[in-house]
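After the structure tokens below, expect a handful of questions from me.
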């Protein structure tokens, strides 16, 4: 933008930039004359007001908390994730004996006051015939189990509580127990079903037997067990009913189960 002005009677054209520069020089000379010193930097711009020239104080950066860089991690291959399976069924080992006994003791002592197997008996059967046991693990934690052994007679006797007959054809199911946190979820029925499916894959097994208190008879009947009658075994004041499951009668299912 141009502006005309008189300069000693002579008109000439100047730009706004030239006019602003003149004002700046004149104002600066006046300021130096009043202060008696030469300034190196004028505090105000001739084109902008004083309010716009207020500068923020310098920021302090020495005290800022800087984050330390994290070490670089090598990517984990997709096929090598070390995670426990959500649900796992496997045979038990003597190393599982303590976990087994803790669940068994809590489950039976509170109801009948007696444990089907003591800790040394749990270790005994898991050493002699671990293949006749089945544990249900949730993320590595034992939540339910079955322990069995072989028997060679039609009916159970007191010896069946502690002996394993390697040449027997009857599986004596000693105990089925579920951790208290996982009860009332159907886990006992599911575990028994899987166990019986597994027994069908063993060619030497003809049947499975167990003894239980009367209030548990309907539970085992739902799994396919049939009553044999009152058991000849008593433990203190407790009486039991003996039941059996005909594994040999499921030959067709065994042939078609992939065993």
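Every number in this text was worked out from the coordinates using simple rules, so none of it is lab data. All of these numbers come straight from a predicted model, not from anything done at the bench.
Could you tell me what fraction of 2.2 N^0.38 Å the Cα radius of gyration of the stretch 88-255 comes to, as a two-decimal ratio?
For the stretch 88-255, the normalised Cα radius of gyration is 0.96.
With a ≥ b ≥ c taken as the square roots of the eigenvalues of the C-alpha gyration tensor of the stretch 96-144, please select rounded if a/c is under 1.5 and otherwise prolate if a/b is larger than b/c or oblate if it is not?
Oblate shape, in that a/c is at least 1.5 and b/c is the bigger or equal ratio.
Express in nm, to one decimal, how much length is gained between residue 248 and residue 154 on full extension, taking 0.36 nm for each residue of separation and deducting their alpha carbon distance.
Contour length minus the Cα-Cα distance gives 32.4 nm.
For the stretch 147-252, what is the relative contact order in percent, using Cα pairs closer than 8 Å and at least 6 residues apart in sequence? Walk me through the intermediate numbers first.
Working: 153 pairs, mean separation 27.1, N = 106.
Answer for the stretch 147-252 is 26 percent.
Now for a separate question. Roughly how many whole Å is it from the C-alpha centroid of the stretch 93-134 to that of the stretch 192-223?
Value for the Cα centre distance between the two parts: 18 Å.
Once fully extended, how much extra length lies between residue 95 and residue 167, figured as 0.36 nm per residue of separation less the alpha-carbon to alpha-carbon distance? Can you show the working numbers first?
Working: separation 72, 0.36 × 72 = 25.92 nm, distance 2.56 nm.
Once the chain is fully extended between residue 95 and residue 167, it gains 23.4 nm.
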